[in-house]
1. Of all trypsin sites (Lys or Arg not before Pro) in region 97-130, which ones are in loop regions per DSSP and have a Cβ with at most 13 other Cβ atoms within 10 Å?
2. As a footprinting exposure proxy, order 134, 95 by other Cβ within 10 Å, with the fewest listed first.
3. Run the simple label-point estimate for residue 146 and residue 63 please: 7 Å along Cα→C-beta, distance reported in nm.
4. Divide, for region 28-157, the radius of gyration over alpha carbons by 2.2 N^0.38 Å, where N is the residue count.
5. Are there any GluC sites (Glu not before Pro) in region 26-92 that are in a DSSP loop and have at most 12 other Cβ atoms within 10 Å? List them by number.
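What follows draws every value from the coordinates through simple rules; no lab data is involved. No experiment lies behind these values; they were computed from the predicted model shown. Here the Cβ is made from the backbone with ideal geometry for all residues, glycine too, and neighbour counts use every protein chain on show.
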Amino acid sequence: MKLKVMVLAAVLGLPALLLAADAVELVKIVTSEQNGRLVDDINLPFVNDPDVIGEWYSVDFVRDIKDFVPGAKRFEGKLYLGGFLFKPEGAMGVMPKNPDSAPWFKWTKGVVTHSGDRTASRYTIKEMNGAKYMFLEWKSGDYTIKHKTPQYYVLKKK
């Protein structure tokens, strides 16, 4: 993968570092409006992401990724989402209610899809203070109905 990025950078005359940063954006999300609702194309190809496999628990909900500070919860009140169990081949469970199976959720590298809401939410994993955190776009009704920019659930890897 890195070699392909470097070759592409050389052909296009771009710095390899710039393309490497955008390599996570390989899966394109197409959004359309249907009957006033935003709908994402959730028929995405599966791309493995070994870093995402495992249990992730919600620790915060923030407007923007840069707003998160480890150990300093910004969201007041109880978080709606407990977390996710990311399984091999794109399967998922919802923590703690349905850890064994939540077939309406699927994942591919960089994206979590929801078949009921027909949303495709990007995720980014960052290491901070020795722990892995996932920043997941939360495409609720604020996104699908009100057309607002998604905010982020912050999940910490167990």
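1. Answer in residue order: 97.
2. 95, 134
3. For the pair residue 146/residue 63, the computed spacing is 1.3 nm.
4. Dividing the Cα Rg of region 28-157 by 2.2 N^0.38 Å gives 1.02.
5. Those that pass, being in a loop and sparsely packed, are 76.
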